[in-house]
Amino acid sequence: MAGQKNHHPERRQKSGQQETGLPAAALPPTPLVRVDGVWVKLEYLNPSGSVKDRVASHVLGEGLRAGRLRPGTEVVEPTSGNAGIALAYWSARLGLHAVVFMPENMTEERKTIIRSHGARLILTPEAEGVVGAIRRAREYAAEGPDRFLFDQFDDEAGVEAQEALGREAVAQAREQGLGPFDAVIAGVGTGGTIVGAGGAVKRAHPKARLIAVEPEASPLVCRQLFSRASPPPSHPPLHEYPMAVCHLQEGIGDGLVPGIVRRHRQLIDDAMLVSDQEALEETLRLHRAGHPVGPSSGTNMVVARRLAAEGLAVLTFFPDRIDRYRSLPDFKDV
């Protein structure tokens, strides 16, 4: 319920704490709670602090079991933050070496967390955005035979990992005596959550609508795949950023249309845009209610609350926690 604090804090792990790596399906379930009429999976309670724990633990665990990875292998990933943190966390616990490519303008907290898990962090030019990090990660991985590239924006393994999240939500809803979900809301970074988790919900509840969400400042998916959903921005940006793909709602809207979304476009029913101002106000409101979440949670809730107010049973996700965003001007005092 809204107002609860410290939901299942035992799920959180300290940076230096070692543990046995588990596949995504074996991660302890995150709570499904009702927040302001919306059903929410609290993914920020995963061990490294985001929904990307599901992806990293699944990809690395399956790679080791299948023999594609072995102790000491370099695992290479491009990221804007959460996936790199999760990859570093799980690589350290599975005897692998993480090499993370990330744009240099990401917050200092993300850089510090990634390095604290023992990963090698390679910063790429801000002007190249996440697309540049992807290109450079691919080039680096191709240079050595013992380098394993996980391209989270294109690899179907990420979808497989997130399917477990959707099945988990459906099972928990049934345990709580809930009916089918009418809509699933998820911001688009890689597209793994809306396609993987949303797709699993849709298989269980065929009438459920999957709605992708993007920042108004970076409406690449909306413009290319849902052109009617991309009108001119409703509000001016909160800050005069040097690039259009830079915005407050970090973790989604990375300035590209992911391969995962292109391939599964037919699964997504609609797309909506959220302004930075709306996302900020909603994120701060969630903090006051006891949820220490990052801005993409606010993005999701803007749309989810709107639909819940129409009487729909809505599922969404709080993807990550605020610890990786505190240096942003809008969250320094949170």
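The values are calculated or read from the model by the stated rules, or taken from the named source; none is laboratory data. In this text the structure is predicted, and so the values were computed from the model without any measurement. So basically every Cβ, Gly included, is an ideal-geometry build from the backbone, and we count neighbours across all protein chains shown. Accessible surface is based on the protein model in full, side chains and every heavy atom, while ligands, DNA and RNA are left aside. Shrake-Rupley method; radii C 1.70, N 1.55, O 1.52, S 1.80 Å.
Summary table below
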read-out	value
Residue in the stretch 318-334 that is farthest from the chain's Cα centre (by Cα), counting only those that are of a type in the set (Asp, Glu) and outside any loop (DSSP other than H, G, I, E, B)	Asp330
Selection status of Val59, farther than 26 Å from Val302 by Cβ, modelled with pLDDT under 95 and touching a Gly at 6+ places or on another chain (Cβ under 9 Å)	yes
Members of the stretch 164-179 found to be in a helix (DSSP H, G or I), of a type in the set (A, V, I, L, M, F, W, C) and open to solvent by 20 Å² or more (accessible area, probe 1.4 Å), listed by number	Ala171
Within the stretch 102-155, considering residues that are among the polar types (S, T, N, Q) and either assigned to a helix (DSSP H, G or I) or open to solvent by 20 Å² or more (accessible area, probe 1.4 Å) (or both), the one nearest to Val188 (Cα to Cα)	Asn105
Scan of the stretch 85-97 for residues that are open to solvent by less than 30 Å² (accessible area, probe 1.4 Å) and in a loop (DSSP other than H, G, I, E, B), ordered by number	Leu96
Hey, Arg174 closer than 23 Å to Leu312 by Cβ and within 19 Å of the chain's Cα centre (by Cα) or not	no
Gly158 in contact (Cβ under 8 Å) with a residue 12 or more places away in the chain, in a helix (DSSP H, G or I) and touching a helix residue (DSSP H, G or I) at 6+ places or on another chain (Cβ under 9 Å)	yes
Residue list for the stretch 180-191, restricted to those being assigned to a loop (DSSP other than H, G, I, E, B) and either at pLDDT 95 or above or at positive phi (or both)	Pro180, Phe181, Asp182, Gly191
Qualifying positions in the stretch 291-328 - open to solvent by 10 Å² or more (accessible area, probe 1.4 Å), under 26 Å from Ala86 (Cβ atoms) and of a type outside the set (Lys, Arg)	Pro292, Val302, Pro319, Asp323, Ser327, Leu328
Failed item, numbered, when Gln266 is tested on (1) at pLDDT below 95; (2) crowded, with 16+ Cβ neighbours inside 10 Å; (3) assigned to a helix (DSSP H, G or I)	(2)
Condition check for Arg65: open to solvent by less than 10 Å² (accessible area, probe 1.4 Å) and at pLDDT below 95	no
